[in-house]
Amino acid sequence: MADEFNSEARKKPQFGTRFLNNQENVFQHNAWDDVEWNDDLIKQAQEKLKLNSEITVPVEDQVKYEDEANIFWDKFYNIHQNRFFKDRHWLFTEFPELTLKPNESESKSQASDPSQINIFEVGCGVGNTVFPILDTNSDSNVMVYCCDFSETAISLIKEHPDFDGKRCHPFVLDISSNSWNVPFPENSLNYIILIFVLSAIHPDKMQYVINQLVKYLKPGGQILFRDYGKYDMVELRFKPGQCLTDHFYVRGDGTRVYFFSEDEVHKIFSSAGLSQTQLYSSKRLQVNRGKQLKMYRIWIQAKYQKL
Ligand SMILES: C[S@@+](CC[C@H](N)C(=O)[O-])C[C@H]1O[C@@H](n2cnc3c(N)ncnc32)[C@H](O)[C@@H]1O
């Protein structure tokens, strides 16, 4: 899945700014922002989806992918270690909230310290969001909690040379499980980050996961969300036999991915009692100039607040 959830992360922080006004110029740059989808493009996407969802994964295999989901992700991290996800340049442009003000006092971080900002990254992988947050906010009173259900991923975070146990608390948790054991109380988190993680959860369990998370958010706290949108190039590339249910697929390595519409994202967060502060689809055209290939990417970005 080499080109997937980190593909945009390899780009420099220039996007959001380059628009394709003349189709003849398409191969002059590597990427274009806010690309409109015309009827032809939508029709082609619908045809590809019809084809790739004709044959679905047999039920017994679907059960295995659900029951052993953490094992498949563990294998993924055992193979790739922390080499897979690189520089996440877009993080602070898309989520400027994560650049916090430096400490005004010299107070020490403690769970009961009201000036402490508590951030929780869910499905953190090997820390490609966690370490930039710690680095950017080294002068601030920030505590970063992070969880993943892959023990290998959590171990890799703890072994990272920049890991600092006083400012970062990684732990193993399966967010789709019925029993949650977390190192912070309810109503204590300022920000919860969900980056390309809800898409890895079975659609039937997504609402439960968000309802659980909301309990730990402070009033006024926000969930910051970025994930795959329907018709993203990655969805259209799946082959017949990889579809689990509508817009939900299994990759060759056994990890799974869902593709969202804005309406679905809104329904999940608003049903959990949150209020929308941002919801949009980022539509990008990435271009392989050498091969003259056009790749249409769609990500959904959202911010929802607990009132
Ligand atoms: C696509 S990766 C994204 C990783 C990270 N958020 C990033 O953007 O680099 C999805 C992550 O979610 C984790 N994950 C999937 N299902 C999970 C679950 N039920 N509980 C906890 N973590 C889960 C996987 O182990 C993996 O690290």
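Tabulated data
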quantity: Degrees, to the nearest 10: 69-80 long Cα axis against longest axis of the chain; calculated: 90
quantity: Relative contact order %, the range 244-307, counting alpha carbon pairs below 8 Å whose residues are six or more apart; calculated: 28
quantity: Relative contact order, percent, the chain [alpha-carbon distance under 8 Å, six or more residues apart]; calculated: 21
quantity: Accessible surface, 1.4 Å probe, highest first, among residues ARG18, ARG289, ARG83; calculated: ARG83, ARG289, ARG18
quantity: Relative contact order of the range 201-264, pairs being alpha-carbon contacts under 8 Å that are 6 or more residues apart, as %; calculated: 36
quantity: Surface accessible to a 1.4 Å probe, per residue, for the residues of the range 220-307, Å²; calculated: 38
quantity: Å² per residue, accessible surface of the range 107-200 at 1.4 Å; calculated: 40
quantity: Of all accessible heavy-atom area on the chain, the percent that carbon and sulfur account for (1.4 Å); calculated: 48
quantity: Long pairs among LYS101/LYS218; LYS75/LYS230; LYS267/LYS306; LYS75/LYS218; LYS205/LYS283, criterion Cα-Cα beyond 23 Å; calculated: LYS75/LYS230; LYS75/LYS218; LYS205/LYS283
quantity: Size-normalised alpha-carbon gyration radius of the range 77-220, reference 2.2 N^0.38 Å; calculated: 1.02
quantity: On Cα atoms only, tilt of 39-52 relative to the major axis of the chain in degrees; calculated: 80
quantity: Under the Karplus curve 6.51 cos²θ - 1.76 cosθ + 1.60, θ = phi - 60°, whole-Hz ³J(HN,Hα) for the range 255-271, x wherever Gly or Pro sits; calculated: 7, 10, 8, 10, 10, 9, 9, 4, 4, 5, 4, 4, 4, 4, 6, 6, 5
quantity: 222 nm mean residue ellipticity, helices alone, for the chain (DSSP H n ≥ 4; -39,500 (n - 2.57); rounded to 500); calculated: -7500 deg cm²/dmol
quantity: Spread of Cα-to-Cα distances over 10 Å intervals beginning at zero, given as percent, for the chain; calculated: 6, 26, 35, 24, 8, 1, 0
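The values are calculated or read from the model by the stated rules, or taken from the named source; none is laboratory data. Fair warning: this is a prediction, and the values are worked out from it, not measured in the lab. Just the protein is used for accessible areas: all its heavy atoms, side chains included, with ligands, DNA and RNA removed. Shrake-Rupley method; radii C 1.70, N 1.55, O 1.52, S 1.80 Å.
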